[in-house]
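Encoded as structure tokens, the structure appears first; notes follow it.
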Amino acid sequence: MLVMAAGCGGRQDKKAEMGPAETVEAFVRAVTAGEFDEAMSLCDTLTMKEYVDRYAGAWDMLVKKDSSATAIAAGIMADFEFAVEDIAKNEDSRLVTYTVAASGQTKKKTATVKKDEGVWKVEEITDSL
């Protein structure tokens, strides 16, 4: 997948090399896979903490209800598709419009990303019409 470098320094170097679209994809894949610490490292923690916490809460509830939840998530991830439709410049940030598809459902979203100390970070994700 994306950030498999050993050690934190290697991970930071890889993140610094990612553009807006790669950052959004890495964030979405991390959240979808239940890798919430990785997701938090790819976003502005002040504005996105609630977003990630909602997914983490739903993930924990699902795991408590059904111990096979991680196997189900792995099946969804095997079928998961991410496609960038557009990247627009908005002052010092970028608006990345993308679609995610899995298990026969497709969602279109827009992520706002902004550089923070030389690394793109997800600041907001909204549904696109």
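The values are calculated or read from the model by the stated rules, or taken from the named source; none is laboratory data. As the structure is a prediction and not an experimental result, all values here were calculated from the model. Cβ placement follows ideal geometry from the backbone for every residue including glycine, while neighbour counts extend to all protein chains displayed. Protein only, heavy atoms only, side chains kept; ligands, DNA and RNA dropped before computing areas. Shrake-Rupley method; radii C 1.70, N 1.55, O 1.52, S 1.80 Å.
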Residue count, the stretch 79-101 (criterion: free of Cβ contacts under 8 Å to residues at least 60 places away in the same chain and part of a strand (DSSP E or B)): 13
Test: Gly57 is among the small types (Gly, Ala, Ser), out of contact with any strand residue (DSSP E or B) (no Cβ under 7 Å at 6 or more places or on another chain) and at pLDDT 85 or above: no
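Go through Ala78, Ala102 for me and flag whichever is hydrophobic (A, V, I, L, M, F, W, C), touching a helix residue (DSSP H, G or I) at 6+ places or on another chain (Cβ under 6 Å), under 28 Å from Glu17 (Cα atoms) and at pLDDT below 90.
On the way: Ala78 fails: touching a helix residue (DSSP H, G or I) at 6+ places or on another chain (Cβ under 6 Å).
It is Ala102.
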Members of the stretch 36-48 found to be at pLDDT below 90 and charged (D, E, K, R), listed by number: Asp44
Subset tally (residues that are open to solvent by less than 60 Å² (accessible area, probe 1.4 Å) and within 16 Å of Thr126 (Cα to Cα)) for the stretch 33-55: 5
For Pro20: the one exception among (1) touching a strand residue (DSSP E or B) at 6+ places or on another chain (Cβ under 6 Å); (2) modelled with pLDDT under 85: (2)
